[in-house]
Number of protein chains: 2
Amino acid sequence: MSNYKGQLKIIPLGGLEEVGRNMTAFEFNEKEIIIIDAGLGYPYFEEMPGIDFTIPNVEYLEKNKDKILGILITHAHYDHIGAIPYLIEKIGNPPIYATPLSRGIILKRQDDFPNAPKLEVHEIRKDKIKPFQLGSFLINYFHVNHNIPDSIGYFIQTPVGNIMHTGDFKIDFTPFFDKPANLSRIVKLALKGVRLLMIDSTNAYQPGFVASEKVIMENLESIFRKAQGRIIAATFASLLERIQQLVWLSGLYGRKVVLDGRTLRTNIEVARQLKYLQTPRGIFIKPEDSFRLPPYQVTIICTGSQAEEGSALMKIALGEHKYFKIIPGDTVIFSSSIVPGNERVIQELKDDLQKQGAKIYHYQMMDIHASGHAFADEINLFINLVKPEYLMPVHGHYFMLKAVEEIGLNLGMSPERILIAQNGQVVKMTPEKIFVSHERVPANIVYVDGLGVGDVEEVVIRDRQNLARDGIFVVIATINSATGQLRTSPDIISRGFIYLRESKQLLREVRNLVKKIIERNIRFLGDESPLIQEEQIKYSLKEEIAEFLFKKTQRRPVVIPVVIKV
Amino acid sequence: MSNYKGQLKIIPLGGLEEVGRNMTAFEFNEKEIIIIDAGLGYPYFEEMPGIDFTIPNVEYLEKNKDKILGILITHAHYDHIGAIPYLIEKIGNPPIYATPLSRGIILKRQDDFPNAPKLEVHEIRKDKIKPFQLGSFLINYFHVNHNIPDSIGYFIQTPVGNIMHTGDFKIDFTPFFDKPANLSRIVKLALKGVRLLMIDSTNAYQPGFVASEKVIMENLESIFRKAQGRIIAATFASLLERIQQLVWLSGLYGRKVVLDGRTLRTNIEVARQLKYLQTPRGIFIKPEDSFRLPPYQVTIICTGSQAEEGSALMKIALGEHKYFKIIPGDTVIFSSSIVPGNERVIQELKDDLQKQGAKIYHYQMMDIHASGHAFADEINLFINLVKPEYLMPVHGHYFMLKAVEEIGLNLGMSPERILIAQNGQVVKMTPEKIFVSHERVPANIVYVDGLGVGDVEEVVIRDRQNLARDGIFVVIATINSATGQLRTSPDIISRGFIYLRESKQLLREVRNLVKKIIERNIRFLGDESPLIQEEQIKYSLKEEIAEFLFKKTQRRPVVIPVVIKV
């Protein structure tokens, strides 16, 4: 007989079957809720054109906001904290718990949202561990490696069993600026019993261990040793450990550093203030000052490793940067992994840079970037250390979750002890067992587009996709109410369909078709006054013009008929 | 003193700084032109939304069509023959020279274009080599490995030196159904002297040798040995060697084969008729007949390895296939490489299939696909065998071309003997030297979209991209000519911008703005009749509405003002 009491619902609102948008709620006895992380996701153009990013649907939490005791943050990457400004008010602005660097970045980012509420962010420290109680939850935490400092996992004791959540993690025995993941502490916590281990699955399909940051540092150093001109290093603003390495090496090799990218600068500012970044005095200079130095004394750290539109590196490559263009002899380092889907644009960017005379280094040529997410053997190790009763892979696409499942099975766990859930599927933890229940809460993707949150819906996305494929074709027919005749030749407006100036014949034919459709749809009453069947005209125009255009061009533009009666 | 006479222009019309759209013209003394290949390219949605594929601009050849003596085909892949139906008439329908399989596929495809002219395709045979003369060009050819049978390279003797062109090639010492590339013949030809080697660069950046088809076959066989249910193998319709292996193994393991995909079936039909495919009698069955067999006696070979919309495998995964859905226990083999940019959609497809109970094999897990393009050491070997004076990498993105350059430099060639050109840049071969000249011919991308060839231009593509990002916003203002007043509240049509039904307030504000703009732009003449400054109204509407919408939403839909005077 177990001593477990009550029921815990684990409610994944994002981060399952996707990478990003991480957010999970834990609800005990339908009275108390805690949340781990509140991140955003990055959409793909083809699937969600024009969308800036995606956030979780928090409808369920909104309804239950009085129960929310706090949000626990694992680390300061936007896929774990980025949704906070968008949803915190909706869920009652609960207190947030975060390590100092995460706290600093969360608060700094909130300043960008003047209408968002002031946050209550409590600091929790890895150097002075203090477990704390939130209702029935006793919260503890432990240090893990990732590629931003101050990353932690959580150990949460509940009346119905203990849950360990790794956050994003890897295990690096020889990190360069960080300490190794605190394995002894993890084991010490685990000895209290781990009923459920929720583990980062992002890289579970990769065999072995992630390369140590020590190796990365050595390889980066070999590039610094050889570089004769400027070094331009493109990375994510959030990869603070990589940035630390680049700054450190610049100091070592007598280079000054220009930082290019707003988030990059603010992240570094926060990290420096909180002493998470070791930066030689006076190492940072303004872009314009770099021209007073010989090229071999300049490092430019910038965004654009994914060839993002408008990023510093893209501007440099396109010759549109305010200060910099490629000087033959420049060394460009792509110091981040490639987000799937970006392979081609990144390759084009590299081609452009190479043509302009840059020497390119990227991680496929040399270990100059290591992922922040554990590979299979680290997951093996972790599971072996904590010996959970149940295992629930999180943070990843389906095949990543399944890769963790396979690891679990290979370690002898029974299939029903490994929980593969989807966003919105409630996982229930009862005294008897843990299982994926049939209960569901809303967990669809919410789009953020410009200032709009949630105002772009599926139908708008589908319209954008259709518009992108074959454009739009608007026909405006102005009909004289008195005569039932077209007042003038119909106006036609089209974008993204064909080049109208060179399609006069087609337009003529469409105009004739419009005329015919209208004539056919006008009936005359006894007194010879016309009955203009507007809806029917619109319907016919839409259908018949679409069909006609398809026959002529094999394209299907969005056809919009406008009928104006005057 | 050399015996070289005259001048040869090598005019790449496609295939440089890109993969696909391969086409090169060779013009001797401005009198005689021969062409190698005429392929199409595959566009990327984000860059060229809605475009089906791209073909070379043949303006230059059109002007010089009387000089064209023939088109030499290297092999039957669409990136080498696919543009023929679109451009053959423009360039005067010159004779085509091709090996039997290539010839068969070219002729079969031409049937799909009832309005295109009848082709004159001469057969050239690898088993009965007969060099032939086209004007001053003496044409010879040699067998290479690729992943479609009957692939050849060309050896072209001209008064100004001999040119060797590899076509798409690899060197496989143990191919399974093909013979090894004919190295002794290649050397024998090369002993006549190779002034210029044009070499396939697609995989030059990959170290080592391509895995042999023998290894691929063994790995595929291990999957057949283990599979308990149906085998569903997705591949390209053009990978005839892979298809041959799958059919052969099916026969060996007592499976019948369903072919799903139109091009797949026609390619196989042509190849069988010409005896390029060894197929056990009665192995092919209709989809509906597969249900009479136990799953372990069924193989389905289909398209969709790139997760293409509408492909058989996609339909199966989405449950939209006429005959098939996944049965737990099915084995799905992705037997092709991933076209860069497709990584993410393919992963999603795999996830879907796996969720439905399929076991997935893809080439990252096991060598079950080998590229058809030589890796670095094959290129090394080839250069060492033929010892060219000059080297010109073809078929590939800039970094691929550069990878061949690096190989050449490592082999001790001097930099000016390695020619990196762009499409449209004329390479000149004179008695003294070969060099990339300043002469250029038009070589932009021509878009094929539905039935339109070249009618979609840059401006249309840009419109589609803009529409995709933020949609369209059409404002229709009907103005009474007599009063200068709006007749009714302006009509607003929008797609892909926001969900209008939930944006009533925004629409109200836009309507008010329209009203104000129109009032401001109407002047009244002495007799109080209004002067409606239509162009100015349109301009103001466009600018001010765009600005207003951006301020309100941070989005930039395409704003189209329509002013109707009644």
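To keep it simple, each residue is scored yes or no on (1) more than 30 Å from residue A:158 (Cβ to Cβ); (2) open to solvent by less than 40 Å² (accessible area, probe 1.4 Å); (3) in contact with a Phe, Trp or Tyr (Cβ under 9 Å, 6 or more places away or on another chain).
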{"residue": "A:208", "(1), (2), (3)": "yes, yes, yes"}
{"residue": "A:229", "(1), (2), (3)": "yes, yes, yes"}
{"residue": "A:233", "(1), (2), (3)": "yes, yes, yes"}
{"residue": "A:244", "(1), (2), (3)": "yes, yes, yes"}
{"residue": "A:256", "(1), (2), (3)": "yes, no, yes"}
{"residue": "A:273", "(1), (2), (3)": "yes, no, no"}
{"residue": "A:278", "(1), (2), (3)": "yes, no, yes"}
{"residue": "A:282", "(1), (2), (3)": "yes, no, no"}
{"residue": "A:292", "(1), (2), (3)": "yes, no, no"}
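Applying the criterion of being open to solvent by less than 40 Å² (accessible area, probe 1.4 Å) and part of a loop (DSSP other than H, G, I, E, B) to the residues of the stretch A:339-370, the residue that is farthest from the other protein chains (Cβ to nearest Cβ) is A:370.
Within the stretch A:319-338, the residues that satisfy the criterion of being open to solvent by 30 Å² or more (accessible area, probe 1.4 Å) and under 15 Å from residue A:296 (Cα atoms) are A:327, A:328, A:329. Can you spot a residue in the stretch B:190-198 that is over 30 Å from residue B:248 (Cβ atoms), in a loop (DSSP other than H, G, I, E, B) and among the charged types (D, E, K, R)? Taking every residue of the stretch B:190-198 in turn, at least one turns out to be over 30 Å from residue B:248 (Cβ atoms), in a loop (DSSP other than H, G, I, E, B) and among the charged types (D, E, K, R). Here is the figure for the stretch B:79-108: residues that are open to solvent by 10 Å² or more (accessible area, probe 1.4 Å) and over 21 Å from residue B:275 (Cα atoms) total 8. Confirm whether residue B:374 is of a type in the set (Gly, Ala, Ser), away from chain A (no Cβ under 13 Å) and in contact with a Lys or Arg (Cβ under 6 Å, 6 or more places away or on another chain). For residue B:374, the condition - of a type in the set (Gly, Ala, Ser), away from chain A (no Cβ under 13 Å) and in contact with a Lys or Arg (Cβ under 6 Å, 6 or more places away or on another chain) - is met. Looking only at the stretch A:451-487, residues that are more than 24 Å from residue A:498 (Cβ to Cβ), in contact with an Asp or Glu (Cβ under 9 Å, 6 or more places away or on another chain), facing chain B (nearest Cβ under 8 Å) and open to solvent by 20 Å² or more (accessible area, probe 1.4 Å) come to 2 in all.
Which of the residues that make up the stretch B:472-499 are assigned to a loop (DSSP other than H, G, I, E, B) and at pLDDT 90 or above? Matches in the stretch B:472-499: B:490 only. Within the bounds of the stretch B:408-430, is there any residue that is touching a residue at least 40 places away in the same chain (Cβ under 8 Å), out of contact with any Pro (no Cβ under 9 Å at 6 or more places or on another chain) and assigned to a loop (DSSP other than H, G, I, E, B)? The answer is yes, given that some residue of the stretch B:408-430 is touching a residue at least 40 places away in the same chain (Cβ under 8 Å), out of contact with any Pro (no Cβ under 9 Å at 6 or more places or on another chain) and assigned to a loop (DSSP other than H, G, I, E, B). Picking from residues in the stretch A:170-188 that are buried (at least 20 other Cβ atoms within 10 Å of the Cβ) and touching a helix residue (DSSP H, G or I) at 6+ places or on another chain (Cβ under 8 Å), the one that is nearest to residue A:153 (Cα to Cα) is A:186.
The residues in the stretch A:505-522 that are within 12 Å of chain B (Cβ to nearest Cβ) and open to solvent by 40 Å² or more (accessible area, probe 1.4 Å) can be counted, and the count is 1.
Residue by residue through the stretch A:384-402, note down the ones that are open to solvent by less than 30 Å² (accessible area, probe 1.4 Å) and either closer than 22 Å to residue A:192 by Cα or in contact with a helix residue (DSSP H, G or I) (Cβ under 7 Å, 6 or more places away or on another chain) (or both).
Of everything in the stretch A:384-402, those that are open to solvent by less than 30 Å² (accessible area, probe 1.4 Å) and either closer than 22 Å to residue A:192 by Cα or in contact with a helix residue (DSSP H, G or I) (Cβ under 7 Å, 6 or more places away or on another chain) (or both) turn out to be A:386, A:388, A:390, A:391, A:392, A:393, A:398.
Residue by residue through the stretch A:409-450, note down the ones that are surrounded by 15 or more Cβ atoms within 10 Å (Cβ to Cβ), more than 9 Å from every other protein chain (Cβ to nearest Cβ) and touching a Ser or Thr at 6+ places or on another chain (Cβ under 9 Å). A:425, A:426, A:427, A:428, A:429, A:445, A:446, A:447, A:448 - these are the residues of the stretch A:409-450 that are surrounded by 15 or more Cβ atoms within 10 Å (Cβ to Cβ), more than 9 Å from every other protein chain (Cβ to nearest Cβ) and touching a Ser or Thr at 6+ places or on another chain (Cβ under 9 Å).
Note on the stretch A:18-60: residues that are touching a His at 6+ places or on another chain (Cβ under 7 Å), open to solvent by less than 20 Å² (accessible area, probe 1.4 Å) and of a type in the set (D, E, K, R) amount to 1. Annotation: of all residues in the stretch B:189-206 being under 19 Å from residue B:23 (Cβ atoms) and not charged (D, E, K, R), the one that is most open to solvent (accessible area, probe 1.4 Å) is B:202.
Restricting attention to the stretch A:523-557, the residues being within 13 Å of chain B (Cβ to nearest Cβ) and either open to solvent by less than 30 Å² (accessible area, probe 1.4 Å) or more than 19 Å from residue B:456 (Cβ to Cβ) (or both) number 7.
Residue B:561 satisfies every condition listed in (1) open to solvent by 40 Å² or more (accessible area, probe 1.4 Å); (2) in contact (Cβ under 8 Å) with a residue 12 or more places away in the chain; (3) not in a helix (DSSP H, G or I) except (1).
Scanning the stretch A:1-17 for residues that are part of a strand (DSSP E or B), buried (at least 23 other Cβ atoms within 10 Å of the Cβ) and not hydrophobic (A, V, I, L, M, F, W, C) gives A:12, A:14.
The values are calculated or read from the model by the stated rules, or taken from the named source; none is laboratory data. Keep in mind that this is a model prediction, so the values were computed, not measured. Here Cβ is always computed from backbone atoms with ideal geometry, including for glycine, and neighbour counts include all displayed protein chains. These accessible areas exclude ligands, DNA and RNA; they are computed on the full protein's heavy atoms, side chains included. Shrake-Rupley method; radii C 1.70, N 1.55, O 1.52, S 1.80 Å.
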